[in-house]
Amino acid sequence: MDIIEKIGAPFSHRLTSLFNFGYFVSETIASFFRNVRYGRRLLFRNAAFQVLFTAVDAVPIVTLLSIFIFSAIVKQVGTYVPQSGAGLFLGKMFVILIIRELAPIIISFVVIARSGTAIAAELSSMMVHEEISSLKVLGIDPLYFIVIPRVVGITVSILCLSMFFTVLTIVGGMLLANYYFAVPLHQFLEGVLDNMTPLDVLINILKSVLFGLTISGLCCYYGLSTKYSPTEIPQMTTKAVINSMICCFVFSAAITLVYY
Amino acid sequence: MGNGFIRFRDVSFAIEGRTLLEKLNVSLEQGLIYALIGPNGGGKSVFMKLLGGIFEPTSGALEVTIDGKTYQVDDAIKRHILRSGFVFEHGGLMNNMSVFDNIALPLRYYRTMSEKDIDLGVRRILGLLEMESHGDSRPSQLSHGNRRLVNIAMALANNPQLILYDSPTLGLDPGAARAIKTLIRRFHKQYNVTSMIATNDIDLAADIADRLVFIDKSTVLMIDTPAAVMRSDDPGIKDYLKSYTLSSSQE
């Protein structure tokens, strides 16, 4: 009995967490429809600030990552491909690696590290300092007032950053390939455009939106799960980060397996 | 149980398998000042949080009667029918907003007036509390006493029918405590609200309240005038008052 309990307890705990998260998501959606006529300006302002902190402020780090990645791809791949037709091959590599796979997942990790942690810690702190209770007393639904602007802000930010990263990495790769290996610019571009299908763009967008919803939902959920003391703040933040990363990896792999 | 302003009907509250309040049947009259007293861990905070809508009863219901109509208290009722303010013992203010924005929050959220009127309303409340110069400050920049005043201002801005004070004078110097006591009385009259003060300060409770609510062991043992509670024969109440008198005289 003891062994069964020991094996079963973590499983049951995870199942409960999953159920609670599902309930949190459904309640958040319901809160939107219940409260949609209140505080729209405040919500819009909060979502705009979230985009500013998550997307605009992340442009330097995303630019830096883009430079590292297109440099690595061009140098590593360019060295092993024959000179003739190198542009076409490099273009194809950029479509497969950047548009289909890396752009959404890299941006998600940047957002988890910068904004996911901030959201989880901020909401935990708001729980401990009775800020969420204060909203409830005023009849303001925290799921509507706190969670929805963050979900919208994070999702829009990941989508924008992912597009920015994709374009920057391809353009950067094209210029670097031209500089290092004398690959003609038009040939590289031809390689990208010939291999990029509408499905690739759609999958890039789908992954970005899904990662945005997952990261913001999980970080808000763990933040608002804090109950008693400030010592829970780092614990909840860690859980939010780890679970967000795992979910992004699993969803990314699942989408790739299904569509390609 | 009378037909009061707010009623607890068989209200129980449990968290993580522990029952913190059990089958409460309590009726509160409109326009009175209540003081909630009793030993620590007896259920005062839970009672206040149920009344403020922060917790929801595990079983039973909270009802409010306004203009002859009775409603079960839920989020929609809290928005439209029973507006409340809660003066927290710690926190309760949005730390990422200025004092002005904290007070204006419910007004902006419900958008019942123009931004110009909100500005005037908030400045008037800041003026009442003699805090005009603190409008642009962040809550973390204020003293403990001033943070509590902002909490009161936030409660008043929502034009409440019910104000809940959790240990309003705890940790304040005697002058600040006296000022808070005067403000509670003043706003109670001015805004014609029902006030509930959770406190361990029996002198404050007896001095300010129309009724004392004695709560212990997850249930309300007595609601009556301060004089009647002080004369109570209930052993639990007698012991508590005796220990309070002893500790006060030792201080």
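The values are calculated or read from the model by the stated rules, or taken from the named source; none is laboratory data. Small disclaimer: the values here were computed from a predicted structure and weren't measured. Neighbour counts run over all protein chains shown; Cβ positions are idealised from the backbone, glycine included.
Considering only residues that are exposed (fewer than 15 other Cβ atoms within 10 Å of the Cβ), over 16 Å from residue B:160 (Cα atoms) and touching a residue at least 40 places away in the same chain (Cβ under 8 Å), look in region B:59-74 and name the one that is farthest from the other protein chains (Cβ to nearest Cβ).
B:59
Residues checked against (1) within 14 Å of another protein chain (Cβ to nearest Cβ); (2) in contact with a Lys or Arg (Cβ under 8 Å, 6 or more places away or on another chain):
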site: A:82; (1), (2): no, no
site: A:93; (1), (2): no, no
site: A:104; (1), (2): no, yes
site: A:110; (1), (2): no, no
site: A:124; (1), (2): yes, no
site: A:139; (1), (2): yes, yes
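If you check B:61, B:35, which single one turns out to be within 30 Å of residue B:230 (Cβ to Cβ), among the small types (Gly, Ala, Ser) and touching a strand residue (DSSP E or B) at 6+ places or on another chain (Cβ under 7 Å)?
Answer to the selection: B:35.
So which residues in region B:135-158 are closer than 15 Å to residue B:176 by Cβ, touching a residue at least 24 places away in the same chain (Cβ under 8 Å), not in a loop (DSSP other than H, G, I, E, B) and not basic (Lys, Arg), if there are any at all?
Answer for region B:135-158, where residues must be closer than 15 Å to residue B:176 by Cβ, touching a residue at least 24 places away in the same chain (Cβ under 8 Å), not in a loop (DSSP other than H, G, I, E, B) and not basic (Lys, Arg): B:144, B:145, B:149, B:150, B:151, B:152.
Which condition number does residue A:149 fail, the rest of (1) within 30 Å of residue A:21 (Cβ to Cβ); (2) away from chain B (no Cβ under 14 Å); (3) modelled with pLDDT of 95 or more being met?
(2)
Conditions tested, residue by residue: (1) closer than 23 Å to residue B:45 by Cβ; (2) more than 13 Å from the chain's Cα centre (by Cα).
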position	(1), (2)
B:137	no, yes
B:163	yes, no
B:168	yes, no
B:189	no, yes
B:208	yes, yes
B:216	yes, yes
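Scan region B:13-26 residue by residue and report those that are surrounded by fewer than 17 Cβ atoms within 10 Å (Cβ to Cβ) and either in contact (Cβ under 8 Å) with a residue 60 or more places away in the chain or in contact with a Pro (Cβ under 7 Å, 6 or more places away or on another chain) (or both).
Within region B:13-26, B:19, B:23 meet the criteria.
Cβ-Cβ under 6 Å, sequence separation 6+ or interchain: first residue in region B:35-50 and within 14 Å of chain A (Cβ to nearest Cβ), partner assigned to a loop (DSSP other than H, G, I, E, B) and at pLDDT 90 or above. Which pairs?
B:49/B:55
Could you check, for region A:21-42, whether at least one of its residues is more than 14 Å from chain B (Cβ to nearest Cβ) and either on the phi > 0 side of the Ramachandran plot or not in a helix (DSSP H, G or I) (or both)?
So far as region A:21-42 goes, no, none of its residues is more than 14 Å from chain B (Cβ to nearest Cβ) and either on the phi > 0 side of the Ramachandran plot or not in a helix (DSSP H, G or I) (or both).
Yes or no: residue A:61 away from every other protein chain (no Cβ under 14 Å), farther than 30 Å from residue A:95 by Cβ and surrounded by fewer than 15 Cβ atoms within 10 Å (Cβ to Cβ)?
no
Residue by residue through region A:204-224, note down the ones that are of a type in the set (Val, Ile, Thr) and without any contact (Cβ under 8 Å) to a residue 60 or more places away in the chain.
A:205, A:209, A:214
Residue by residue through region B:186-201, note down the ones that are modelled with pLDDT of 90 or more and in a helix (DSSP H, G or I).
The answer is none; no residue qualifies.
Please go through region A:147-206 and give me each residue that is touching a helix residue (DSSP H, G or I) at 6+ places or on another chain (Cβ under 6 Å), within 20 Å of residue A:103 (Cα to Cα) and charged (D, E, K, R), ordered by number.
A:200
Go through (1) surrounded by fewer than 18 Cβ atoms within 10 Å (Cβ to Cβ); (2) modelled with pLDDT under 90; (3) under 25 Å from residue B:5 (Cα atoms) for residue B:156 and report which single condition fails.
Every condition holds for residue B:156 apart from (1).
Being under 21 Å from residue A:52 (Cα atoms), touching a residue at least 12 places away in the same chain (Cβ under 8 Å), touching a Leu at 6+ places or on another chain (Cβ under 6 Å) and crowded, with 24+ Cβ neighbours inside 10 Å: is that true of residue A:107 here?
Spelling it out, residue A:107 is indeed under 21 Å from residue A:52 (Cα atoms), touching a residue at least 12 places away in the same chain (Cβ under 8 Å), touching a Leu at 6+ places or on another chain (Cβ under 6 Å) and crowded, with 24+ Cβ neighbours inside 10 Å.
Scanning region B:97-125 for residues that are more than 12 Å from chain A (Cβ to nearest Cβ), in a loop (DSSP other than H, G, I, E, B) and modelled with pLDDT of 90 or more, which turns out surrounded by the most Cβ atoms within 10 Å (Cβ to Cβ)?
Residue satisfying both the conditions and the ranking: B:98.
May I ask you to verify whether residue B:96 is closer than 19 Å to residue A:43 by Cβ, out of contact with any helix residue (DSSP H, G or I) (no Cβ under 7 Å at 6 or more places or on another chain) and of a type in the set (S, T, N, Q)?
yes
Please go through region B:133-147 and give me each residue that is surrounded by 12 or more Cβ atoms within 10 Å (Cβ to Cβ) and of a type outside the set (A, V, I, L, M), ordered by number.
B:134, B:135, B:137, B:138, B:139, B:141, B:144, B:145, B:146, B:147
Grab the helices (runs of 4 or more DSSP H) fully contained in region A:79-196, keeping just those with 2 or more residues being closer than 29 Å to residue A:259 by Cβ and among the charged types (D, E, K, R).
A:185-195
Taking the criterion of being part of a strand (DSSP E or B), within 14 Å of another protein chain (Cβ to nearest Cβ), buried (at least 17 other Cβ atoms within 10 Å of the Cβ) and of a type in the set (Val, Ile, Thr), would at least one residue in region B:75-96 satisfy it?
Within region B:75-96 (the criterion being part of a strand (DSSP E or B), within 14 Å of another protein chain (Cβ to nearest Cβ), buried (at least 17 other Cβ atoms within 10 Å of the Cβ) and of a type in the set (Val, Ile, Thr)), the answer is yes, since at least one residue qualifies.
Hey, any hits in region B:41-49 for a residue that's modelled with pLDDT under 90, buried (at least 20 other Cβ atoms within 10 Å of the Cβ), at positive phi and not in a strand (DSSP E or B)?
There is at least one residue in region B:41-49 that is modelled with pLDDT under 90, buried (at least 20 other Cβ atoms within 10 Å of the Cβ), at positive phi and not in a strand (DSSP E or B).
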